[in-house]
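First the structure, in the form of structure tokens, and then the observations on it.
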Amino acid sequence: MTDGPTDSGTPGVPEHGKKARKVVEPPAPARAMSIHAHPDDQEFTVGGTLAKWARAGSTIVTVCITRGTGGSNKFTPRDMTREALGPIREAEQRSACRVLGVAETWFLDYPDGMLEATIALRRDLTRLIRRFRPDAVLCGDPTVRYYGSSYLNHPDHRAAADAALDAVFPSAGTRLIFPELLAEGLEPHEVREVYIHGAERSDTYVDIGSTMDMKLAALREHRSQMGEWDPKDFLVEWAKEQGVRAGLEAAEAYRRMVLEGP
Ligand SMILES: [Zn+2]
């Protein structure tokens with residue numbers, strides 16, 4: 001499950017010639033919250049894990065910070081407006097969540113493409129964490145600026161992850177941060193685990209062999225973003241890459257934090 005702090009490895013480089021270690025997968029949390037910037041981010045990154053956990057009985061809440069009104073460079077028609085695209089993408093995200101077995105889906109309606117890790121966003125996420133009291137939160141890695149040599153991490157992804165982690169700690173668990181939330185009746189809540197996907201150094205691997213089909217089906221619900229593109233080969237290959245170090249055919253890899261509290 002974990003490599004420990006002394007095993008740095010080389011980010012993104014499979015350890016050829018080294019036997020894959022035996023990994024122990026953490027049990028599904030009773031309650032989990034998935035926090036992402038755009039419709040479809042969740043399906044690309046953690047969809048297999050959420051489907052697996054939902055099947056195991058976890059209650060899962062999805063928080064989508066924007067409604068994805070920036071669209072796609074490739075597939076959004078020239079005459080589409082942000083106003084018209086919002087409801088389409090929201091409906092697609094809700095359908096994808098149904099496929100994965102997510103219990104509730106929330107949209108915060110921050111502007112796509114202009115997201116910042118503001119105190120207002122941190123407060124909104126803290127409010128949802130205190131309301132739903134998840135044991136585990138899943139989000140991206142705010143420290144990653146580049147992936148490989150062909151993808152600049154989207155600024156909204158970094159902002160969403162930054163705000164999510166700051167909401168988890170210290171805001172959600174500290175009584176006197178955001179006292180206005182206390183006034184709303186929302187008591188502090190300590191999140192126990194954080195699953196950070198897209199981290200440069202992963203230490204936890206969820207075997208998604210049994211839910212790969214659901215991940216793919218959920219992703220296909222985002223029709224306005226996919227166009228004619230079939231994501232299957234891409235997803236299968238990516239899941240394989242993520243599983244290499246754990247000896248898995250298909251995985252979602254994470255940096256997992258287990259928070260010990262004060
Ligand atoms: Zn995105």
- Condition met for ALA91 (in a helix (DSSP H, G or I), out of contact with any Cys (no Cβ under 7 Å at 6 or more places or on another chain) and modelled with pLDDT under 95): no
- Query: Is there a residue being at pLDDT below 95, within 21 Å of ARG158 (Cα to Cα) and either in contact with a Leu (Cβ under 7 Å, 6 or more places away or on another chain) or not small (Gly, Ala, Ser) (or both) anywhere in the stretch 72-88?
  - Reply: yes
- Sort out which residues of the stretch 138-165 are open to solvent by 50 Å² or more (accessible area, probe 1.4 Å) and closer than 19 Å to ILE119 by Cβ, and write them in order of number. PRO155, ARG158, ASP162
- Query: Which is within 13 Å of the ligand (Cβ to nearest atom) and open to solvent by less than 40 Å² (accessible area, probe 1.4 Å), of ILE60, ILE65, ILE129?
  - Reply: ILE65
- Message: For a quick check of your reading of the model, give me the residue pairs whose first member lies in the stretch 174-188 and is open to solvent by 80 Å² or more (accessible area, probe 1.4 Å), whose second is among the acidic types (Asp, Glu) and part of a helix (DSSP H, G or I), with beta-carbon atoms closer than 9 Å and at least 6 apart or on different chains.
- Response: none
- Item | Index of the failed condition, LEU176 passing every other in (1) within 17 Å of the chain's Cα centre (by Cα); (2) more than 20 Å from ARG255 (Cβ to Cβ) | (1)
- Expected output for the stretch 85-99 (first residue under 14 Å from ALA217 (Cβ atoms), partner buried (at least 18 other Cβ atoms within 10 Å of the Cβ) and modelled with pLDDT under 95, Cβ below 7 Å, 6+ apart or cross-chain) is GLU92/SER224
- Task: Pull up the stretch 32-57, narrow it to residues that are touching a helix residue (DSSP H, G or I) at 6+ places or on another chain (Cβ under 8 Å) and part of a loop (DSSP other than H, G, I, E, B), then point me to the one that is farthest from the ligand (Cβ to nearest atom).
- Result: PRO39
- Item | Unique match (being in contact with an Asp or Glu (Cβ under 6 Å, 6 or more places away or on another chain) and of a type outside the set (Phe, Trp, Tyr)) among GLY185, GLY209, GLY247 | GLY209
- Message: Quick check on this structure: which one of MET257, MET214, MET226 is among the aliphatic types (A, V, I, L, M) and within 27 Å of PRO111 (Cβ to Cβ)?
- Response: MET226
- Query: Failed condition for MET114, given (1) at pLDDT 95 or above; (2) surrounded by fewer than 16 Cβ atoms within 10 Å (Cβ to Cβ); (3) more than 16 Å from the ligand (Cβ to nearest atom), with all others met?
  - Reply: (3)
- Task: Out of the residues in the stretch 230-258 that are touching a residue at least 60 places away in the same chain (Cβ under 8 Å) and open to solvent by 50 Å² or more (accessible area, probe 1.4 Å), state the one that is nearest to the chain's Cα centre (by Cα).
- Result: ARG255
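The values are calculated or read from the model by the stated rules, or taken from the named source; none is laboratory data. Because the structure is a prediction, the values reported are computed rather than measured. We place every Cβ from the backbone using ideal geometry, glycine too, and count neighbours over all the protein chains shown. What goes into the accessible areas is simple: the full protein's heavy atoms, side chains included, and nothing from ligands, DNA or RNA. Shrake-Rupley method; radii C 1.70, N 1.55, O 1.52, S 1.80 Å.
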